[in-house]
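K.L.:
Right, I'll just put the structure down here and ask away after.
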Amino acid sequence: MSIEQTHRRRPLRRIRAALSTAAVVAATIAVAGPASATHAPAATGTAARLAAAAPAAARAAAPAPAALAPVQPAAVPAPPAGFTTTWSDDFNGTSGTGLDTGLYRYDTGPGSTFGTGEIETMTNSTANVFHDGAGHMVLKALHSGTDPNSGWTSGRFETNNDTFGAPAGGVVMMQASIQQPNVTTANGAGYWPAFWMLGQPLRNGVTWPTSGEIDILEDINGRSSVFGTLHCGTNPGGPCNESTGIGSGEHACSGCQTAYHTYAVQIDRSVSPEQIRWYLDGNLYFTVNATQVPAATWTSAVDHPFFIIFDLAMGGGFPAAFGGGPNGSTVSGGQMNIDYVAVYNKAPGGGGGGSNIALNKPATASSLENSTFPASNAVDGNTGTRWSSAFSDPQWIRVDLGQTYSITHVTLTWEAAYGKSYQIQTSPDGNTWTTIFSTTTGDGGTDDLAVSGTGRYIRMNGTVRGTPYGYSLWEFAVQGTPSGGGTLLSQGHPAAASSLENATFPASNAVDGNTGTRWSSAFSDPQWLQVDLGATHIVTRVVLNWEAAYGKSFQIQTSPDGNTWTTIFSTTTGAGGVQDLSVSGSGRYVRMNGTVRGTPYGYSLWEFQVYGS
């Protein structure tokens, strides 16, 4: 059983260690190389604000940044194929209003407390943080006085929600559409916009950078660039080269000062090794693999939820590494404009996304505090309604998922009355229960649990309360896939084939998780492709993603040793495309054995996916 538990109870406390300017210059001066490679590390985002806000005022010493015609806001995009939308905001607030504090919190105080050398003061003033009335949230840097190295105010905010992450075997994608400050290298020295994330454990006292930071967008000094960075391990130094981190280096971002572009990151826990991938306008430009750092370092930094941050800093070690600033030519009034932000999830096994399978399903409980707090409140998707039990032990709340699921993730969002000792249990019939998670040290907040179990019914079974009151949950969320889909077993495992069309199309291409690469055989019959799962597994599903050259007659076969084969599926009427096959068998080896081609060419698979347990 795989279990990962994190909690959200205490306020954020992190002060970034000062950057080494010389190290940053050496690490970031080169333009990024090809995707899927680790490039020179880039300097990073900023930390928690700890002091009071200062007043904002406009600077008169330099002309304002160039004005743009109003841009119509874009709707939050539909999720990519295979994903579902977990959360989004398109900032349709009234012109001149500040943050929706139900969704976000301001980070206020002087940049001097961050350890990054920043010189602005972050405020909650609508002069610095405001809706523009046209579907955008604006962070605006303002200057007063005559000294370019003082008198700056700006804005930074973060999500209250800190549950954005990928469960084991799943994928999460965070994306925003942003116009960087409309400044240039001539008048933008010192500007430092950022869109980034910090690990949820930080809010529970785990130190930075152990708890993880992923910088999705950073640019400095109006360079029309983007930098992506992972922070992890220990500071200074450590396996992630802190405090600079593992970074992409500078990547060109043409037009990013004058138009909206999309910046995204995917945390992919469905592949082996796990990956973080950075995208600009949908194009991959940087990848970090889990094998680049020790396993424990990666787990502590990546395999948990995150919260999202936007900020517009002024000055500091990162701008200094590229010439410094602000200076006498730096303009006041540069804006970071955010059109939307969205979080998308893909569930383990690649099916259906990371949707909450408990949402609006029938829920019952052992008791209610009163009729205001029914069990259904915990599965309505509304964190403003809650279930609350009687003030005694034990108590339970259960959800009927409607069918059997393989359950991979449970999120408990506690009200102040939480469970100190409780179990997460599954059942096929609502009577016989199996425990898939147990704790005696619960401390409330948000418990984000990676679990492994199967059942139609799931419940939180509380045995010891954490307060004199009952058990109370704002939300009881569950993630999983319908039983029979199973876990993706084949990806990244050794593959072999009877033949290759040529060296460009090896067998490994069919199990790499990339639908842009493929295996292709010689142009004759018969041909086969097999994968070694590494151990004997129960096989329940096979997905064949054919290229144009498909198999008309083929079998899916399993073997304990790669020599003796048992057929678990057979067809003589294959038509290509994507064939999603429900099967039943077991073995260490699984193969597609083609006997009649559907075209004059060979057999060619973009992906050969085997699922099971």
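The values are calculated or read from the model by the stated rules, or taken from the named source; none is laboratory data. All figures in this text were calculated on a predicted structure; none of them were measured in a lab. Neighbour counts are summed over all protein chains in view; Cβ atoms, including those assigned to glycine, are modelled from backbone coordinates with ideal geometry.
K.L.:
If residue 197 meets every condition in (1) more than 23 Å from residue 136 (Cα to Cα); (2) in contact (Cβ under 8 Å) with a residue 40 or more places away in the chain apart from one, which number is that one?
P.N.:
Every listed condition holds for residue 197 apart from (1).
K.L.:
So, one more: Only one residue in 549, 535 is farther than 21 Å from residue 515 by Cβ and in contact with a Lys or Arg (Cβ under 8 Å, 6 or more places away or on another chain), so which one is that?
P.N.:
Values: 549 fails: farther than 21 Å from residue 515 by Cβ.
It is 535.
K.L.:
Need the failing condition index for residue 229 against (1) surrounded by fewer than 22 Cβ atoms within 10 Å (Cβ to Cβ); (2) among the polar types (S, T, N, Q); (3) under 30 Å from residue 152 (Cα atoms); (4) in contact with a strand residue (DSSP E or B) (Cβ under 6 Å, 6 or more places away or on another chain), just the number.
P.N.:
(1)
K.L.:
Moving on to the next point. Testing residue 429 on (1) in contact (Cβ under 8 Å) with a residue 60 or more places away in the chain; (2) not in a strand (DSSP E or B), one condition comes back false. Which one is that?
P.N.:
It fails just one condition, (1).
K.L.:
Suppose the filter is at pLDDT 95 or above and either within 21 Å of the chain's Cα centre (by Cα) or under 15 Å from residue 267 (Cα atoms) (or both); does residue 210 pass it?
P.N.:
Yes: the conditions hold for residue 210.
K.L.:
For region 99-109, name all the residues that are surrounded by fewer than 19 Cβ atoms within 10 Å (Cβ to Cβ) and at pLDDT 95 or above.
P.N.:
105
K.L.:
Still on this structure, please answer the following. Tell me the strands (runs of 3 or more DSSP E) entirely within region 554-613 that contain at least 3 residues that are among the small types (Gly, Ala, Ser).
P.N.:
Output list reads 578-597.
K.L.:
I would also like to ask the following. Please identify the pairs in which a residue from region 379-397 that is over 10 Å from residue 368 (Cα atoms) has its Cβ atom under 9 Å from the Cβ atom of a residue that is assigned to a loop (DSSP other than H, G, I, E, B) and among the hydrophobic types (A, V, I, L, M, F, W, C), counting only partners at least 6 apart or on another chain.
P.N.:
Going by the 9 Å Cβ cut-off, the qualifying pairs are 379/358; 379/359; 380/359; 381/359; 385/373; 386/373.
K.L.:
Moving to a separate point now. Among 441, 435, 404, 413, which is more than 12 Å from residue 462 (Cβ to Cβ) and surrounded by 20 or more Cβ atoms within 10 Å (Cβ to Cβ)?
P.N.:
Just one listed residue meets the conditions, 413.
Per-residue answers, yes or no, for (1) in the same structural domain as residue 587 (by TED's automatic domain parsing); (2) buried (at least 18 other Cβ atoms within 10 Å of the Cβ); (3) under 29 Å from the mean Cα position of the chain (by Cα):
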{"residue": "494", "(1), (2), (3)": "yes, no, yes"}
{"residue": "505", "(1), (2), (3)": "yes, yes, no"}
{"residue": "520", "(1), (2), (3)": "yes, yes, no"}
{"residue": "523", "(1), (2), (3)": "yes, no, no"}
{"residue": "533", "(1), (2), (3)": "yes, yes, yes"}
{"residue": "538", "(1), (2), (3)": "yes, no, no"}
{"residue": "542", "(1), (2), (3)": "yes, yes, yes"}
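K.L.:
Kindly indicate the residue of region 380-408 that is modelled with pLDDT under 90 and either small (Gly, Ala, Ser) or touching a Leu at 6+ places or on another chain (Cβ under 7 Å) (or both) and also farthest from residue 540 (Cα to Cα) among those meeting that condition.
P.N.:
384
K.L.:
Within region 267-293, can you find the residues that are hydroxyl-bearing (Ser, Thr, Tyr) and touching a strand residue (DSSP E or B) at 6+ places or on another chain (Cβ under 6 Å)?
P.N.:
270, 279, 285, 287
K.L.:
Further question: How many residues does region 282-323 hold that are assigned to a loop (DSSP other than H, G, I, E, B) and either at pLDDT 90 or above or surrounded by 20 or more Cβ atoms within 10 Å (Cβ to Cβ) (or both)?
P.N.:
10
K.L.:
Name the one entry in 529, 500 that is in the same structural domain as residue 603 (by TED's automatic domain parsing), without any contact (Cβ under 8 Å) to a residue 40 or more places away in the chain and under 15 Å from residue 592 (Cα atoms).
P.N.:
Just one listed residue meets the conditions, 500.
K.L.:
Tell me yes or no: at least one residue of region 597-613 is among the acidic types (Asp, Glu) and surrounded by fewer than 17 Cβ atoms within 10 Å (Cβ to Cβ). If you could, list the steps in order and put the result at the bottom.
P.N.:
The initial filter retains those residues of region 597-613 that are among the acidic types (Asp, Glu), namely 607.
Retained after the next criterion (residues that are surrounded by fewer than 17 Cβ atoms within 10 Å (Cβ to Cβ)): none.
Scanning region 597-613, I find no residue that is among the acidic types (Asp, Glu) and surrounded by fewer than 17 Cβ atoms within 10 Å (Cβ to Cβ), so the answer is no.
K.L.:
Ok, one more. For residue 264, which of the numbered conditions (1) crowded, with 22+ Cβ neighbours inside 10 Å; (2) among the small types (Gly, Ala, Ser); (3) over 30 Å from residue 182 (Cα atoms) fails to hold?
P.N.:
(3)
K.L.:
From the set of residues in region 468-495 that are polar (S, T, N, Q) and modelled with pLDDT under 95, which is nearest to residue 165 (Cα to Cα)?
P.N.:
Among those that are polar (S, T, N, Q) and modelled with pLDDT under 95, it is 479.
The rows are residues; the columns are (1) in contact with a strand residue (DSSP E or B) (Cβ under 9 Å, 6 or more places away or on another chain); (2) on the phi > 0 side of the Ramachandran plot; (3) not aliphatic (A, V, I, L, M).
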{"site": "218", "(1), (2), (3)": "yes, no, yes"}
{"site": "221", "(1), (2), (3)": "yes, yes, yes"}
{"site": "255", "(1), (2), (3)": "yes, yes, yes"}
{"site": "263", "(1), (2), (3)": "yes, no, yes"}
{"site": "295", "(1), (2), (3)": "no, no, no"}
{"site": "300", "(1), (2), (3)": "yes, no, yes"}
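K.L.:
Starting from residues that are of a type in the set (Val, Ile, Thr) and part of a strand (DSSP E or B), keep the ones in region 134-158 and report whichever is surrounded by the fewest Cβ atoms within 10 Å (Cβ to Cβ).
P.N.:
So in region 134-158, the residues of a type in the set (Val, Ile, Thr) come out as 138, 146, 153.
Those left that are additionally part of a strand (DSSP E or B): 138, 153.
Details: 138: 19, 153: 24.
Only one residue tops the list, namely 138.
K.L.:
Quick test of your reading of the structure: residue 505 fulfils all but one of (1) among the hydrophobic types (A, V, I, L, M, F, W, C); (2) part of a loop (DSSP other than H, G, I, E, B); (3) farther than 23 Å from residue 272 by Cβ. Name the failing condition by number.
P.N.:
(3)
K.L.:
Restricting attention to region 493-511, report how many residues are touching a Gly at 6+ places or on another chain (Cβ under 7 Å) and closer than 12 Å to residue 608 by Cα.
P.N.:
Final tally of qualifying residues: 2.
K.L.:
OK, next. Applying the selection to region 443-460, what residues are among the polar types (S, T, N, Q) and under 16 Å from residue 388 (Cβ atoms)?
P.N.:
none
K.L.:
Ok, one more. So is residue 477 closer than 30 Å to residue 377 by Cα and touching a residue at least 24 places away in the same chain (Cβ under 8 Å) or not? So that I can check it myself, show each step before the final result.
P.N.:
On the way: closer than 30 Å to residue 377 by Cα: yes; touching a residue at least 24 places away in the same chain (Cβ under 8 Å): yes.
So residue 477 passes the test.
K.L.:
Output the qualifying pairs, or none if there are none: Cβ atoms under 7 angstrom, residues six or more apart or on different chains, first residue in region 539-567 and touching a residue at least 60 places away in the same chain (Cβ under 8 Å), second residue not in a strand (DSSP E or B).
P.N.:
Taking only residues 6 or more apart or on different chains, the pairs are 540/484; 540/486; 541/484; 541/485; 541/486; 545/515; 546/576; 546/577.
K.L.:
Over 26 Å from the mean Cα position of the chain (by Cα), surrounded by fewer than 17 Cβ atoms within 10 Å (Cβ to Cβ) and in a loop (DSSP other than H, G, I, E, B): is that true of residue 112 in this structure?
P.N.:
no
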